[in-house]
Amino acid sequence: MKNPLYKSFGYAFRGIGATIRSERNIKIHCAAAALVVVFGLWLGLSKVEWMICFVLFGQVISLELVNTALEAVVDLVTQEWKPLAGKAKDAAAGAVLVSAIFAAVIGLMIFVPKLAALV
């Protein structure tokens with residue numbers, strides 16, 4: 001029998017919390033998201049700009065969670081260095097990096113014109 005839905009949500013929130021407590025990179029992503037929110041409020045982002053920012057927050061943070069899960073599974077399977085284990089970990093980390101780079105570029109496209117208009 002499956003767990004009740006509320007327990008599934010509990011496990012998910014526990015996983016998010018554990019990852020935020022233990023992983024440096026997700027703390028960096030969360031701090032960046034918080035800064036974007038502060039500057040977005042200050043600069044008066046439009047509804048569409050907010051939606052873009054929140055989709056990007058979700059994408060980068062979700063990929064970081066998946067990367068953490070994959071790294072944990074690889075470490076569970078083997079403690080010794082294996083080329084395929086390294087390839088899996090590197091690819092997952094690369095997915096987060098690509099996502100973060102594109103999020104930063106899109107963020108610059110949103111914020112730089114608004115900041116330039118203030119100057």
When you look at Ile110, is it of a type outside the set (Ser, Thr, Tyr), over 17 Å from the mean Cα position of the chain (by Cα) and surrounded by 11 or more Cβ atoms within 10 Å (Cβ to Cβ), yes or no? yes
Let me spell it out: the conditions are (1) farther than 27 Å from Ala93 by Cβ; (2) of a type in the set (D, E, K, R); (3) modelled with pLDDT of 95 or more, and Lys27 meets all of them except one. Which number is the exception? (1)
Would you be able to say whether some residue in region 82-93 is closer than 30 Å to Ala116 by Cβ and in contact with a helix residue (DSSP H, G or I) (Cβ under 9 Å, 6 or more places away or on another chain)? no
Which of the residues belonging to region 54-64 are surrounded by fewer than 20 Cβ atoms within 10 Å (Cβ to Cβ) and farther than 13 Å from Asn25 by Cα? Phe54, Val55, Phe57, Gly58, Gln59
So in region 12-53, with the set limited to residues that are of a type in the set (S, T, N, Q) and under 16 Å from the mean Cα position of the chain (by Cα), which one is surrounded by the fewest Cβ atoms within 10 Å (Cβ to Cβ)? Ser22
Given the residues Glu49, Glu71, Glu80, which is the only one that is among the acidic types (Asp, Glu) and closer than 22 Å to Phe13 by Cα? Glu71
I'd like to check something: does region 63-77 contain any residue that is closer than 29 Å to Lys114 by Cα and either touching a Gly at 6+ places or on another chain (Cβ under 9 Å) or at pLDDT below 95 (or both)? no
Report yes if some residue within region 83-91 is at pLDDT 95 or above, within 15 Å of the chain's Cα centre (by Cα) and buried (at least 16 other Cβ atoms within 10 Å of the Cβ); otherwise report no. no
Sole exception among (1) in a helix (DSSP H, G or I); (2) under 30 Å from Val119 (Cα atoms); (3) aliphatic (A, V, I, L, M) for Ile20, by number: (2)
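The values are calculated or read from the model by the stated rules, or taken from the named source; none is laboratory data. This one's a predicted model, so the numbers in the text were calculated from it and none came from an experiment. All Cβ positions, glycine included, derive from the backbone under ideal geometry; neighbour counts span all protein chains shown.
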